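Step one of this worksheet: look at the structure below.
Each value in this text was obtained by applying a stated rule to the coordinates, not by laboratory testing. This one's a predicted model, so the numbers in the text were calculated from it and none came from an experiment.
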């Protein structure tokens, strides 16, 4: 896979999204049409940064439906597109782009 970029997820943002107060280095990798974000930390932790990211045409409509169905939605306001995550009832996390 080709590395597109890397960045550090700060502990505050990690806490807001994943309930983990630790920094993590994130690598954005691509192979053909597949793009992965890999979260790497040097510490062993019981909780992790596992999530799936999906792209949809209308994020606001998906969030509205998710909330009406009782799913937790995490919206982090930013100048660039907001970060949106939905947690299912098994605590799986889905990032919505």
Next item on the list: May I ask for the angle, rounded to the nearest 10°, between helix 59-68 and the longest principal axis of the chain, with both axes built from Cα atoms and the value confined to 0 to 90°?
Entry: 60
Check: For the chain, what does -39500 (n - 2.57) per DSSP helix run (n ≥ 4), summed and divided by total residues, give at 222 nm, in deg cm²/dmol to the nearest 500?
Finding: -5000 deg cm²/dmol
Next item on the list: Take the alpha carbon atoms of segment 1-41, find their center, do the same for segment 47-97, and report the distance between the two centers in whole angstrom.
Entry: 16
Check: What fraction of the DSSP beta bridges in the chain is antiparallel, stated in percent and rounded to the nearest 5?
Finding: 90
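Figure the gain on full extension for residue 53 and residue 27 (residue separation times 0.36 nm, minus the Cα-Cα span) and round it to one decimal in nm.
Details: separation 26, 0.36 × 26 = 9.36 nm, distance 1.38 nm.
Net length gain for the segment: 8.0 nm.
Suppose a student asked you for the relative contact order of the chain, using Cα pairs under 8 Å spaced at least 6 residues apart; what percent would you report?
Values: 149 pairs, mean separation 19.5, N = 97.
Here the relative contact order equals 20 percent.
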Item checked: For segment 1-50, share of DSSP beta bridges that run antiparallel, in % to the nearest 5 -> 100
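Can you tell me how much longer the chain between residue 61 and residue 41 gets when fully stretched, taken as 0.36 nm per residue apart minus their C-alpha distance, in nm with one decimal?
Numbers: separation 20, 0.36 × 20 = 7.20 nm, distance 3.38 nm.
Contour length minus Cα-Cα distance gives 3.8 nm.
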Margin query: Give me the three principal axis extents of the chain from the C-alpha atoms, as integers in angstrom, largest value leading.
Written below: 38, 32, 28
